[in-house]
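The values are calculated or read from the model by the stated rules, or taken from the named source; none is laboratory data. Because the structure is predicted, anything quoted here is derived from the model rather than measured. Positions of Cβ are generated from backbone atoms using ideal geometry, with glycine treated the same way; all protein chains shown enter the neighbour counts. Areas reflect the complete protein model, heavy atoms only, side chains present, ligands, DNA and RNA absent. Shrake-Rupley method; radii C 1.70, N 1.55, O 1.52, S 1.80 Å.
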Amino acid sequence: MCAGTANLRVTAAMTEAQCQKAWQIGAGSALHAIENGKNLLIGGEMGIANTTAAAALICALTDHAADEIVGLGTGIELAARQHKIQVVNDALARAKAAGAHSPLDWLREVGGLEIAALAGYYTAAAEAGIPILLDGFITTTAAALVAVKAKPEVADWLLASHVSQEQGHRAALAALNLTPLLDLGLRLGEGSGAALALPILQSALTLHREMATFTEAGVAAGAM
């Protein structure tokens with residue numbers, strides 16, 4: 001692996017080999033977790049400036065304009081957001097001129113190593129029949145979109161934990177046809193929103209498994 005990606009504004013963020021390697025690392029991590037008995041997977045990320053790569057991917061894969069997707073990240077000023085929009089537009093134009101067409105083309109051109117790893121992670125989990133609880137803007141909207149666009153059946157295994165403050169998150173969730181469980185205005189990634197939503201899923205499963213039916217509870221039809 002490399003220390004980081006290249007400048008997506010002026011060149012492809014990753015070589016094909018780097019992108020494939022990151023994808024394989026993510027897939028291997030998912031398979032390792034599944035082999036160790038995990039029946040629900042959560043992906044998280046840590047990074048600085050990776051909302052730019054995520055926004056570029058979302059624009060490329062949903063046909064939204066950059067100013068509809070690019071947000072304030074961890075709290076940049078409005079002037080910095082305008083610069084960020086220009087960076088995304090420049091990256092998209094460069095990648096399109098370079099021949100980017102498929103989801104994996106776009107991932108290599110404007111994505112990030114962590115996004116590629118997460119997309120591989122989600123794809124491997126879905127192929128194994130294991131559900132994925134998505135987290136925030138980067139893990140959900142960028143990595144999950146790439147995985148679903150590359151392999152549509154991955155969508156059947158995705159659950160959205162929350163919608164964040166990043167303005168493009170709602171648009172990407174809509175593109176994935178997902179309804180988030182929580183709307184708390186979170187700005188963090190690292191799997192934090194998914195961790196908050198996990199007890200809700202656990203409670204729902206417990207109710208589904210243990211709650212008595214009307215027949216079992218001796219409730220007569222029409223009594224309610």
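Points to keep in mind about this one:
- Within the range 205-219, the set of residues being within 40 Å of the chain's Cα centre (by Cα) and β-branched (V, I, T) comprises T206, T213.
- Residue, farthest from A174 (Cα to Cα), within the range 53-84, restricted to residues that are surrounded by fewer than 20 Cβ atoms within 10 Å (Cβ to Cβ) and β-branched (V, I, T): I76
- From S164, S192, S203, residue being among the hydroxyl-bearing types (S, T, Y) and in contact (Cβ under 8 Å) with a residue 60 or more places away in the chain: S192
- Counting only helices (runs of 4 or more DSSP H) that sit completely within the range 118-211, those holding 3 or more residues that are under 25 Å from P103 (Cβ atoms) and open to solvent by 10 Å² or more (accessible area, probe 1.4 Å) correspond to 145-150, 168-175.
- If you go through the range 85-95 and keep only what is touching a residue at least 40 places away in the same chain (Cβ under 8 Å) and crowded, with 16+ Cβ neighbours inside 10 Å, you end up with V87, A91, R94, A95.
- Of the residues examined, L158 is one that is touching a strand residue (DSSP E or B) at 6+ places or on another chain (Cβ under 7 Å) and at pLDDT 95 or above.
- Those residues of the range 127-146 which are small (G, A, S) and under 14 Å from S29 (Cβ atoms), in sequence order: A128, A143
- Within the range 106-127, residues that are under 16 Å from E35 (Cα atoms) sit with their Cβ atoms under 6 Å from residues that are open to solvent by 10 Å² or more (accessible area, probe 1.4 Å) and charged (D, E, K, R), at 6+ positions apart or across chains, in these pairs: T123/K151.
- In the range 12-52, the qualifying residues are those that are free of Cβ contacts under 8 Å to residues at least 60 places away in the same chain and within 30 Å of Q82 (Cα to Cα), and the one that is most open to solvent (accessible area, probe 1.4 Å) is I48.
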